[in-house]
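Novice: Please read through the structure below; I'll follow up with questions.
The values are calculated or read from the model by the stated rules, or taken from the named source; none is laboratory data. Keep in mind that this is a model prediction, so the values were computed, not measured. Note that each Cβ is placed from the backbone with ideal geometry, even for glycine, and that neighbours are counted across all protein chains shown.
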Amino acid sequence: MASKKITIPRAMFEGMLSVGDAELPSFVLEGGVRVFSTRGLLNSLGFKSNANADEVFKAKDIQPYFAASGNPQVRNNLIDFITIKGSLARGYDVERFIEICQAYSQAYERGVLTLDRHIEAAKKANAILRACSKIGIIALVDEATGYQYARAENELQFKLKLFLSDEMRGWEKTFPDDLWIEFARLTHWGGEPTKNRPRHWGYFVMDLIYRSLDPDVAQYLKDNKPPAVKNKNYHQWFNEDYGVRALREHINRIIGMAQAADSIEELKKKVAFYYKKEPLQLEMFMEKKTPKETEKLKINVPFDEAIKAVVKKDKKKKN
């Protein structure tokens, strides 16, 4: 019977990750496995780069704490791989590396370490644990290697699945009346906002609600779903498990911001500042506009265009 051929994975991305005082050569392998080089791992804990890796895992003082970290097989995660330059290397799963640091930290806290090099390794492990967490380590490696750009498309699909459903849900009241009341106040609209609303408020909903919640989800809805009409709205595509709850919480936050604003322009700027990280310009030296002048700003166009229109008008007055 022929023996099964062992395939050695190749590194697709590589980079250097700085964690505290440590410099860790980082790699993302085929299949998305993230590893640190074994040499870098040893150096980060104060061991010589040519030391036997077994000393890190098999020291009698440390072994019991690998089991305590939740993975008694933690030392079995050494991975041979081929670097981008074509040389053979050995790496270690980045999440298991955190468990190594936790094991050394626990052993140090219990006072069971007897060798100076293990005590020094435990101190360095504590510093590394303070600099990053197990949750954040993958993001740090992806940033160091550039892998986050390659995974962007898959993450977009994951995000859409998180928020949206494949089928439209039945209509249910999702937008509170308070939102429409605030839109009416901020635009000086004199109608009954809980019954009939201007069509251009749809631009407010898309920009102030959906886009600030998540621009990718908003763009997907706009590009791939039918335009909102009576009893068939974008919010009906949000799933019950996560999307609807997240949307409702977000709407309530926007209502709170609207209640603290004096105009739709001010609300747009607040939302842009808090969710889109655009600069927030203070109003104290700006001339107040009358309701009639506010209507002339054509609120359904992007806010920056409305501001340009006001500036252009002021220049004409001066001339």
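Novice: Given the structure, is Thr174 among the hydroxyl-bearing types (Ser, Thr, Tyr), over 26 Å from the mean Cα position of the chain (by Cα) and in the same structural domain as Lys270 (by TED's automatic domain parsing)?
Specialist: Here the answer is no, as Thr174 does not meet what is asked.
Novice: Could you check Arg169 against (1) surrounded by 15 or more Cβ atoms within 10 Å (Cβ to Cβ); (2) modelled with pLDDT of 80 or more; (3) out of contact with any Gly (no Cβ under 8 Å at 6 or more places or on another chain) and say which number it fails?
Specialist: (2)
Novice: I've got another one for you. Filter the stretch 17-60 down to residues that are modelled with pLDDT under 80 and of a type in the set (Asp, Glu) and give me whichever is nearest to the chain's Cα centre (by Cα).
Specialist: Among those residues, the one meeting the criterion is Asp21.
Novice: Among the residues in the stretch 224-231, are any modelled with pLDDT under 85 and either in contact with a helix residue (DSSP H, G or I) (Cβ under 7 Å, 6 or more places away or on another chain) or surrounded by 12 or more Cβ atoms within 10 Å (Cβ to Cβ) (or both)? Explain how you work it out, then say what you get.
Specialist: As a first pass, look at the stretch 224-231 and keep what is modelled with pLDDT under 85: 224-231.
Next, from what is left, pick out any that are either in contact with a helix residue (DSSP H, G or I) (Cβ under 7 Å, 6 or more places away or on another chain) or surrounded by 12 or more Cβ atoms within 10 Å (Cβ to Cβ) (or both): 225, 228.
Within the stretch 224-231 (the criterion being modelled with pLDDT under 85 and either in contact with a helix residue (DSSP H, G or I) (Cβ under 7 Å, 6 or more places away or on another chain) or surrounded by 12 or more Cβ atoms within 10 Å (Cβ to Cβ) (or both)), the answer is yes, since at least one residue qualifies.
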